[in-house]
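Have a look at the structure below before the remarks.
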Amino acid sequence: MGIPVIDLQGALAPGGPRVPEVVRQLREAAMASGFFYVRHHGVDRWMVQRQFALARELLELPAERRAALSIRHSPIMRGFEALGEQTLDAAMKPDLKESFYCGMDWPAEHPFVQAGYQTYGPSQWPEELPQAKGLCEAYIAAMNRLSERIMQLMALSLDLPEAYFDTACREPMVTLRMIRYPAHPAEADERTFGAGAHTDWGAITILAQDHHGGLEVQTPGGDWVEAPPMEDAFVVNLGDMIPRWTNGRYHSNPHRVRNRHSGGAPRFSIPFFFEPNYLARIEAVPGTVAPGERPRWAPCTAGEHLREMIALIKRAQQRGLEQHAHDRRERHRQHDGEPEGIDDGRKPGRKERAHHVQRTVGEIDHVHDAEHQRQSCREQEQH
């Protein structure tokens, strides 16, 4: 199963001649892996190339300058992230990547900034690259327009009015990330990835990747397939909000990265994460819940969903840290000639643990109890 290609020509404006065809293709892709390419998307090639050039300049700044603008200094995760600082799959080693995060610079007096909502606030910009802010803001504006149009086409694919999601998409939570992956180490084991298997939390992700490739997508059948770069095309994938919005009809599938085809060169990619307004209501849209049945998820705001995902990730990472410590103890016992530890039921085996972590991090749609989800949202809001 390959990743489908959707040509947006004739569908970028409401009433376009190819809108019905594109809507059908989007529906098929969303009900399969939730991944697809888009071509003729309305974003100029020179803008994408310019953004890749900026990504290289940003990530080639001296290490001490990047550390001074670390995301650790930003309450909304804006700035540089060091190599190995993120672990997307808690059962794997830290990710072999480094990156720069930025977003829309909201004014300090905006109520969302005053409230401290995630993604709303200022980015950190290096003074050595004064053009960075303007270039990123222009790219974000182009990505916002494309994201909003994809959401309109998605509404049509669900037999909803074209503008159904428009209100939710006003003042969205967005993040632009520029990533550099070093070459995959020749001696790497099966637990080494540029980005471990994960799903994205938000609504949609629009990815620009360089010519090296390395993105791998898990199909609904569980196989991993490559999503190679395609000239003048973006890779689009649905995030975890979409299954929640569509009552599980549309899918958010795991994906991962290994930079194995670059001949030793670094790989660059530029994902744009689009999420609705922090206060937007996320609940099963009309037509997705059968008569007499309950929704698989309770209604939540986008902000509550985001906090829910963060809590799940933290729990999974803590389990991963505990297991790494357990594995080290076992290796030391074996080295000293002691018998291997016995699984007494208190600690899961490796296969069981990896499956549980993957479900926890990515497969949120296995949780069906709406009342449990509603209580979770209430508890997190109180917290």
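Every read-out reported here was derived from the displayed coordinates using simple, explicitly stated rules and does not represent laboratory data. This structure is a prediction, so every number in the text was calculated from the model and none was measured. Glycine gets a Cβ as well: all are built from the backbone with ideal geometry, and neighbour counts include every protein chain shown.
Considering segment 145-173 alone, what residues qualify as being closer than 30 Å to residue 58 by Cβ and touching a helix residue (DSSP H, G or I) at 6+ places or on another chain (Cβ under 6 Å)?
First pass over segment 145-173, keeping only residues closer than 30 Å to residue 58 by Cβ: 145-151, 169-173.
Within segment 145-173, just 169 meets the criteria.
Mind counting the residues in segment 6-43 that are under 19 Å from residue 271 (Cβ atoms) and surrounded by fewer than 14 Cβ atoms within 10 Å (Cβ to Cβ)?
Residues meeting the conditions: 1.
Here's the yes/no breakdown for (1) touching a residue at least 12 places away in the same chain (Cβ under 8 Å); (2) not in a helix (DSSP H, G or I):
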residue	(1), (2)
84	yes, yes
99	yes, yes
114	no, no
118	yes, yes
127	no, yes
130	no, yes
159	yes, yes
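Identify all residues within segment 273-288 that are farther than 21 Å from residue 148 by Cβ and surrounded by fewer than 16 Cβ atoms within 10 Å (Cβ to Cβ); write none if there are none.
Passing the criteria: only 287.
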